[in-house]
Every structure is written in structure tokens, then in C-alpha cells.
1. Any idea how many residues of segment B:122-134 are at the interface with chain A (Cβ under 10 Å from one of its Cβ atoms) and more than 17 Å from the chain's Cα centre (by Cα)?
2. Within segment A:122-129, is even one residue among the hydroxyl-bearing types (Ser, Thr, Tyr) and modelled with pLDDT of 90 or more?
3. For segment A:1-49, enumerate the residues that are of a type in the set (S, T, N, Q) and free of Cβ contacts under 8 Å to residues at least 40 places away in the same chain.
4. Restricting attention to segment B:182-216, and to residues there that are facing chain C (nearest Cβ under 7 Å), of a type outside the set (Lys, Arg) and in a helix (DSSP H, G or I), which single residue is farthest from the chain's Cα centre (by Cα)?
5. Take B:Arg111 and decide whether it is modelled with pLDDT of 85 or more, within 14 Å of another protein chain (Cβ to nearest Cβ) and exposed (fewer than 15 other Cβ atoms within 10 Å of the Cβ).
6. Of all residues in segment A:214-235, which are hydroxyl-bearing (Ser, Thr, Tyr) and crowded, with 23+ Cβ neighbours inside 10 Å?
7. With farther than 23 Å from C:Ala342 by Cβ, buried (at least 17 other Cβ atoms within 10 Å of the Cβ) and of a type outside the set (S, T, N, Q) as the only criterion, which of C:Val414, C:Val387 stands out?
8. Might you check whether a residue that is farther than 20 Å from A:Arg171 by Cα and polar (S, T, N, Q) occurs anywhere in segment A:6-18?
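The values are calculated or read from the model by the stated rules, or taken from the named source; none is laboratory data. None of these values were measured; they are calculated from a predicted model. Every residue, glycine as well, gets a Cβ built from its backbone with ideal geometry; the counts of neighbours run over all protein chains shown.
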Amino acid sequence: MTPVLSDALRAFGLAALQAVFLLAMAPLLKTLIKMMKARLQNRQGPPLLQGYYDLAKLLRKETVRSETASWVFVAGPRVYFAAAVSATTLVPVLISAAPLEAAGGVLLLVGTLALGRFALATAALDTGSPFGGMGSSRDMTIAALAEPALMLGLFTSGLAAGTLNLGALARSALQHGVTFHPSDVLAFAGLFIIVLAETGRVPVDNPATHLELTMIHEAMLLEYSGPDLALVEWASAVKELLYLTLLVDLFMPVGMATSAEPVALLMALVAWAGKVFVLAIAVTITESMNAKLRLFRVPELVSISLGLAFLALTIRFL
Amino acid sequence: MTSHDLLILCAAGMLVSGYLIVGQKRLFTTIRLFALQSLLLGIVAATIAVTQSRHELFVTAGITIAMKSILIPWFLMRLIDRIGIHREIEPFLNVPVSLLVCLGLTVVGYRVSTGFPEAVGGARHHLIGVALSMLLIGMFLMVTRKKAITQILALLTVENAVFLVAVGVTPGMPLVVELGIAFDVIVAVLVLGIMVQRIVDRFDSMDVSRLSQLKG
Amino acid sequence: MNLLLWTLGVPLVTAALGSLGGSRRIREITMVGGLLATFALCVATALDFLGGAVPSAFDEALRVDGLSALVLVLCGFVGLLSGAYGVGYLRRNEERKIVTPRMRREFYGLIPAYVFAMLLVAMSNNLGILWIAVELTTLGSVFLITFHDKDTSLEAGWKFLVLGSLGLAFALLGTVLLFAAGQGHLGEGMAALNWTRFIEVASSLHPFTLRLGVVFALIGYGTKAGLAPMHTWKPDAYREAPSPAGVLMAVGMLNAAFYCLLRIHLISTAALGPEFSGDLLLGLGLFSVLIATPFILIQWNLKRLLAYSSIEHVGIMAVGIGLGGEAGAFGALLHMTYHSLAKPVAFFSAGTLGQLHSSSNFDRIGSGTFSRAPVASGLLVLATLMVTGSPPFGLFFSEMTILKAGFAGSHVRVTATFLAALVILFCGFIFQVGRLVLGPPRDPKDRRVPRPEQFDIATVTALVAGLVAIVSAFYLPGWMLGLIRAATRVLMGGA
């Protein structure tokens, strides 16, 4: 076996492992946030494994599709899921290198996620149901603003390290130690808002309701049932975990393993879980303290994050 | 994390809260953000007090946190509760344009800060840069906001900026002066609060753009 | 006990007594007596200084040099006049039954307190205390402006408070930056903010930080002085404040704020040479004079007219300082002195006219006031002649001194513009007042007949103020001239 081939095989192996790992953890995160939110409101909240139960239930159910739906409708959830899974292989999680980082950096990541979003939005349009169309138009409106902000925020971090490769970014931060610059804080604040927007959290969207006037993400899913719905829900959960991991990678890489030794990996796992947990708490608190914005206000919120990200980039040069 | 990092973290946090105030339309959230900003200012003062062993700065930190992040926000919130006004801010400029303007102001503030001694790079540079940016942003808020309470908040933002310069740049203002200034600030806010109350009683609104009888 | 502490203590005690209560008679006597004693103490302090002493207190946090002594005497004098006129003013309002207990308490308490704050400004050598004292005058002014509790007075009060607080925040930043410019050379503790210390270590101040600090401080204190473009609170505030308080603001606060400007200017001069802050003052001053011109021409309210006149005058003083040189400085200080003597007459006569007609709007007062209120109208004409700088009154000489300094120096074009603006201002002001005072008498069938003019303590005060102003044009007492000279020496960098 040639070394190139073995390297490639190893990378794919790691990628598969990481994808499975994130797929396994994602429902847990979703339930965790739900539970903490419930606790903050003095409710009992779901058990920690509820996310898995839900997915299992959906996967067992029969699929019902509209007679007017075309192949686009069928492809939507699959592409969305596939995009989320491929994106997991582009982000370093426990080891300071993404499994497939040779394939590309930040740009590929954003592009992959955008592909998933596109697939879901077109699929929602396909059935011709008014809610689906409304949901996808709203989702695209927000995405049009959120994506540039996301890119800008990522570029700011990339600028400091001189690379757009997420693994290299984390490695350079680990190597040189974390030195704070105000632009880090600004970029973090900007990206945090983007994460809230992209994952449909409270100031932007409310994941807990199906109120037709306000819903965004949920509106696109109304026509789906059974395993199709499970795929979308699962992929959304993975996306959320992925975004939080991204924040961890960019701003607090301390504790990441630099090699695949078991002890280092274990430490990295604890550190990663801790950091994601802290971010989850932050998300929960933001969700509980704020009320959902009116839809017309959402672009304003996203424009704040765009402004912060742009400022972060500017301050680097001042 | 070193104290240097902590300083930068807090200063940048103050700037972020300034931007969020600009982009925010809910009065209560704005007040909470101001409280957060003051808390960060207090932490900056306390950090400098520890690292440079300037113990009189603990007093400054204490006063700042007690007054500006607890007492004044509480007072303003009570004021809003009591006069029961419409709780959204209506700025003259929309949010994206305001943010763009503030971005420019930050650049100006940062450029000016490079003229200070030992300012290029390092925590001091960022402290002054953030302070001057916040000063300009506060002034911008003052001219673009209609509600009396938001004007008070803008004024307090400017004052926070001045305090940030005071703790970040000077080798320590005399304590007597510092106490006098702190006292004056709280009295000024009380007087402003009294005025707001009287304006609301009279005009049934806190919208200061209605105060436009006097011209020429 | 220290003379300075007495000078500060007496008005403070007077304010406390005034706000406590008591019968009207006792309160009136306390206020006028207290302010008279204060003025006497101010003069005593000035004489003490002229005798060669440098009165100081609290480790030189308070210190009286020539400039301080001049401002002290002027502020003390204005305080006395304002108190005496105020007694009559309030009595007239009592007759109209529009005085509430709150107003009495505020009036008898705030006027002496305001005098206290002004005097504290004038004698503070410490930039921190200076700032605190100016802030006190601001807070006092707010209550004086909203004294009548009308819609418009709330508006004026709010604008003043917001703009004034912003200005003060700037001044504070300026002070902080000045202190930062010291880079440790200023030393530790309270004395580190002393103005004298700044002058001592001027050469080792960090230039950039100093420049920034000077700009912020000049803008900040300039807001309080009413230099354009930070003047917008002034017309509103002057219109709404009761006339005695208007005098305190138009003369007392103006002098005090201008004093702050001079202190900052002196630090800047010692460290950077006279050009930097001088040119800034020149620009602001000229802009003030130019801004005041159109507004005086189209004015519709008597007290607002006076406000624009006071913007003009602070502009003239700033121009005098900005033109530089001993002649310019002397002219500016002379201008300050004569302005302090002339402006009260204008305010008192305008106040009386306004009270008689229940409004100071031109259309409510109507033309031909001379037939209705001869004393007040006569005084208004006299005051107009004085504040517009007509010969033979004092402001004519001071303006000439400044103009001469300007044409002799390098700013000839600026001076020419300045002169043109002064001429237009002169015509505009005379036109406005002439229209009001002379003109045809009001239609006798008009039902809004004003109250007849009374002869009371307010009228007496106004007459005395007028007399002092006239006499001062021809004869300034030797010690007064000595004070102006001493103040000029301070401005030229002497002791």
C-alpha cells in the first residue's frame, strides 16, 4: 500500500469516526439546551435522552409525501443531512486537525452548509404549500445577511493566524498561546449572534413553537414526516453542535489534543465537552432572557453581528 | 489568562456592549447592557488596581460597580416602570446606518489613540482606543435618540468612556477628586431623572423631539 | 480663620438659611445681607492680594492670583445685584399670586448657592475642584431655569442639562487627559491636579495628550461659556430663567466658565506656545460673534436677544485672548469687567418689562414701552448703548483695545470680519430695542393693559446698577484697574 493511499484511508477513517461521534452527540446537545431552559423556567423539562427517543420514533414511522411533490422534495432532506455530515469532517473537534482539512478550509465549510440550506429551501418550495414557501423565503432572507457576517467573522480569526484552514488556525493558536486582541471579542460576539440566527434560536426563531406567523425553520419542515423529518431534525442538531464547536476552535482552542494518544484524547474530550457546555449555557441564557424579535427586526440583529464582524476585521489593522 | 488579556477582554466587551446598545431597540435591554458595560469598567479598574498595586483604584471600581451597574440601572428601570412608557426606542437613524456610522467613529477613535505615549500595541492602546470610540458612540447616541432615558444612557456611556481613560491612562487621579466626581455623576443622574419625571408628567411622553417650541 | 473660607462659607450659610424657611422679611434680609457680606469679602480678598499676599487654602487647592481676584470681585458684585433685584422680583410675583412655597425655598436657597459655586470656580487652583464647582453651577442652573415650571421651561431645562452634562463630560475628559499628559511629573495626591503645578512642569508634558486634553477641555468649558457652536442652550435658558437668575448665568457663569477657558489656555500656552489654544479660541470666538449676528436681527424675544448678546460678548472675549499679546489679553479682561457691569442693567430692565407684560416676547410687550414704563425703558436704552459698545461707555474702549491688538497683529483679515460683525450687531441690537422702546404707543383700546411700573427695591437695584455702569466708564477705582492689570500679568505668564 502506498503511503499516500494509507494517509488518505486514515483520514477517511478519522472523518468517519468524527462524523459518527458528532452525529451521536448532537441530539444530546439539543435536549440539554431544552432541559436547561425548562429548568430556568421552573419546569421539569425532558429527560436527557429525549432527543434519541424522538429520532428513533420518527425513523420507525411511515413516510407520507404529497402527490404533487417531485424528486426535489425527496432529495431535500437527504442533501441537507449529507451536507451536515460532510461539514463535520472539516472541523477539528478533539484533535487540532480536521480529518479532511486537505480538502479545504473555512470557505468549503460555509459552502457545504449553504448547499444544505439551499436543498432544504428548494424542497420546501416544491410542494407548493404556502408555509413552505414562506419559510424558505424567510430563511433565505436571514441567510443572505448571516452568511457574509459568518465569513467576515471567520476571516478575522483567519487573519491573525494567516490561514483559512481551521486545523491550522487551531494549531497556531495552540502553538503561540492565546493572546487576546479586542477583535477576538468582537468577532466572537458577532459569530455568537450568527450562531443563534443559523440554528434558529430565540431572538431570531423559536424552535419550540409552530406558530405560523413567526416560524422560520419549522415552516420549511411542515410537509415532512417520518424518516425524512428525522433526517432534517438530526442534521439541524448536528449543525448546531458544529457551530458551537467552531466557536470553541476559533476562540478557545486550549485543551485540544495535538496527537491521537488516548490520554490526550480523553483530556481533549473533557475540555471540548466542557467548553460546548459553557456555550450551551450561554445560548440557554440568551434564549430565556430575550423575547423573539419581530421578523422585520431580525435583519437588524443580524446587521449588528455583521457590524461587529466588520469592526473586528478593521481593528486588526488599527 | 494574564491580566493583560483580562484588560483587553473587558475593554473589548465594553465596546461590544456599546455596539449592542446602538443596535438595540428595547429600553430594558439597553439599560442591562449599560449595567454590563459598567461592570466591565469596574473589572478593568480592579484589575489595574491589582496589577499596578494602585489600591485607590479599588475605591473607583467599587463606586463604579455599585453606582453604575446596580444603583443607576435600578433607578432608571424603576423610573420606566413608574411612568409606564412605551418600551421601544425610536431612533432617527435605522440600525444598519447607525452601525456603519459607529464603525467609522471607532476607526477614528482608534486612530487618535495611536498618538498616546507607549500606545501602539498593548493593552493601553486598546483601552484608549475603546474609550475614545465609546465617547464618540455615546455622542452619536445622544443626537440620534429621541427618548429622554436613552439620552441619559448615552450621557452615561460618554461618562464610562471618560472613566476608562481615567483608569487606563492616568497614573491615578487624586481620590478626593474622584469621589467628588462620582458624587456629581450620581446627583446629575438624579436630577436628570427628576427632569424626566416632570417632562413625562407634562407632555405624557418621554419623546424629547416633542420639546421643540423654542426656536430662533 | 482663612479669608477664602469665609468668602465661601458666607454664601453657603446664606443658602442653607434661605432654604430652611422663616418669614419673608427674614429671608430677604438674610439673602441680601449674606450676599453683601460675600461681596465685601470678595473685595477684601482682592485687596489682600493687591497688598502682596497670595491667599490660599487647603494646600493650594484654593488659591487667588490676579485673574481669580478679578473674577471673584465681578462675581461677588453680580451676586449682590442679583440678590437685591431678586427680592423685588419675587415680591412682584407674590403680588400676582404665582409664587408657590417650592419657589420661595428654591429661590432663597439657590441664588446664594449659585454664588457659592461661582466663587468656588473663581478661586480653585485645582482642576478637579474646578470641574466639580462648574458641575455645581450646572445643577443649580437647571433648577433656576425650570423655576416657573412651564412647558417651555422644562424644555429649556432639559436641553441645558443634556448639553451641559455632555460639555462637562468633555471637560472632565480634558482634565483627565491633561493629567495623563503629566506622565507622573505632576506628582501624587491632591496637589497633582493643581494648576500651578501644571505650569511648573509645562515643558515636560506629553504634547499629543496635552493637545487632545486642551481641545476637549476648551470644548467642554466652552459649552458652559456659551461659545458657538455649543451655544444652543443659551437662548432657551435665558428666556426661561427668572431675571435675577438670568443675570447670574449671563454674567456669573459666563465669567466663571471663561475663567476655566483661560486656565486651560494658560497651561497650553506654557507647554505648546500661545498659537494652539489661542487659534482655537479665536476660531470659536469669531464663530460665536458671527452666529449671534443673524439671530439678533431676526429675534422675537427680549431675553433671547440678551442671550445672543451674551454669546457675542463671550465671543469677543475669546477673540481678544486668541489675538494674543498683552493688548489682546488686557482688552479681553477689560471687556469682561465692563460686560459684567453693563449686562445686569439690561437684564433688570428686560426683566421688569417682561414682568409687567407677563411675557418677554416682543409681540406681547408691544411697541412704545417708554410711555408705559419710563424707568425700565430708559434703563434698557442705556443698557443697549452700553452692551453694543457705543462710546463713551466702557465696552467701547475694550472692543477698541481688542481691535487695535488685532490690526496690529497678524490676524488682520479675521479682525476685519470681526469688526464687520460688530457693526452689524450694533445696528441690529439698536434696531430691535429702538423698535420696542420708542415706536408708537400701543392702541389704548387694547385690553391687555400692563400693570403700572412700581418703584421698589428691584427698580432701585436696577438704577444703582445703571449708575455704577455709567460711572465705571469714566472712573474705575485704582484697585479695580490694578486687578485688571494683575490679571493681565497672569495671562502673560507672570505671577
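1. Adding up the residues that qualify gives 2.
2. Just the residues of segment A:122-129 that are among the hydroxyl-bearing types (Ser, Thr, Tyr), to begin with: A:122, A:127, A:129.
Checking which are modelled with pLDDT of 90 or more leaves us with A:122.
Taking every residue of segment A:122-129 in turn, at least one turns out to be among the hydroxyl-bearing types (Ser, Thr, Tyr) and modelled with pLDDT of 90 or more.
3. Filtering segment A:1-49 for residues of a type in the set (S, T, N, Q) gives A:2, A:6, A:18, A:31, A:41-42, A:44.
Within segment A:1-49, A:Thr2, A:Ser6, A:Thr31, A:Asn42, A:Gln44 meet the criteria.
4. Going residue by residue through segment B:182-216, those that are facing chain C (nearest Cβ under 7 Å) are B:184, B:187-188, B:191-192, B:195, B:198-199, B:202, B:208, B:211, B:213-214, B:216.
Remaining after also requiring of a type outside the set (Lys, Arg): B:184, B:187-188, B:191-192, B:195, B:199, B:208, B:211, B:213-214, B:216.
Retained after the next criterion (residues that are in a helix (DSSP H, G or I)): B:184, B:187-188, B:191-192, B:195, B:199, B:208.
Numbers: B:Asp184: 16, B:Val187: 16, B:Ala188: 14, B:Val191: 18, B:Leu192: 15, B:Met195: 20, B:Ile199: 23, B:Val208: 20 Å.
Only one residue tops the list, namely B:Ile199.
5. Numbers: modelled with pLDDT of 85 or more: yes; within 14 Å of another protein chain (Cβ to nearest Cβ): yes; exposed (fewer than 15 other Cβ atoms within 10 Å of the Cβ): yes.
Criteria met by B:Arg111.
6. First, the residues of segment A:214-235 that are hydroxyl-bearing (Ser, Thr, Tyr): A:214, A:224-225.
Scanning segment A:214-235 gives a single hit, A:Tyr224.
7. Numbers: C:Val387 fails: farther than 23 Å from C:Ala342 by Cβ.
Being farther than 23 Å from C:Ala342 by Cβ, buried (at least 17 other Cβ atoms within 10 Å of the Cβ) and of a type outside the set (S, T, N, Q) holds for just one of C:Val414, C:Val387, which is C:Val414.
8. Yes.
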